């Protein structure tokens, strides 16, 4: 258990940040999964509609350092390729 006032505050702020990061990450994963399942099933209209929201969520996660910026770029590329392939 932390004894100093500063250590106790760090515990509180870290908990807040962890919950905030978890929410951002969870929303991102949900939207990515929605796009991927729509693309795999061949539903291009739904995949394209959800793609913009998913890219926005991935970019927000990268901006707040929840995921690395290169991981975000890779994920966006993966999503756009999946959506383009869905129509073919």
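Some points to look at:
- Given (1) in contact (Cβ under 8 Å) with a residue 12 or more places away in the chain; (2) under 15 Å from residue 83 (Cβ atoms); (3) in a helix (DSSP H, G or I), number of the condition residue 42 does not satisfy: (3)
- Residue list for segment 52-64, restricted to those being within 15 Å of residue 26 (Cα to Cα) and not in a loop (DSSP other than H, G, I, E, B): 53, 54, 55, 56, 57, 58, 59, 60, 61, 62
- For segment 8-24, the count of residues that are part of a helix (DSSP H, G or I) and surrounded by 15 or more Cβ atoms within 10 Å (Cβ to Cβ) is at least one.
- Close pairs from segment 70-88: first over 13 Å from residue 32 (Cα atoms), partner assigned to a helix (DSSP H, G or I), Cβ under 6 Å, at least 6 apart: 86/39; 86/44; 86/47; 87/44
- Residues in segment 9-49 that are over 16 Å from residue 79 (Cβ atoms) and more than 15 Å from the chain's Cα centre (by Cα): 9, 10, 11, 12, 13, 14, 15, 16, 17.
- Flag: residue 87 does not match the condition of being in contact with a helix residue (DSSP H, G or I) (Cβ under 7 Å, 6 or more places away or on another chain), exposed (fewer than 15 other Cβ atoms within 10 Å of the Cβ) and on the phi > 0 side of the Ramachandran plot.
- Taking first residues from segment 52-68 that are free of Cβ contacts under 8 Å to residues at least 24 places away in the same chain and partners that are surrounded by fewer than 13 Cβ atoms within 10 Å (Cβ to Cβ) and not in a helix (DSSP H, G or I), the Cβ contacts under 9 Å between residues at least 6 apart in sequence or on separate chains come to 62/68.
- In segment 65-82, the residues that are surrounded by 13 or more Cβ atoms within 10 Å (Cβ to Cβ) and assigned to a loop (DSSP other than H, G, I, E, B): 66, 67
- Filter result for residue 49 (at pLDDT below 95, surrounded by fewer than 15 Cβ atoms within 10 Å (Cβ to Cβ) and not in a helix (DSSP H, G or I)): no
The values are calculated or read from the model by the stated rules, or taken from the named source; none is laboratory data. Here the structure is a predicted model, which means the values were calculated and not measured. FYI the Cβ positions are ideal-geometry reconstructions off the backbone, even for glycines, and counts take in every protein chain you see.
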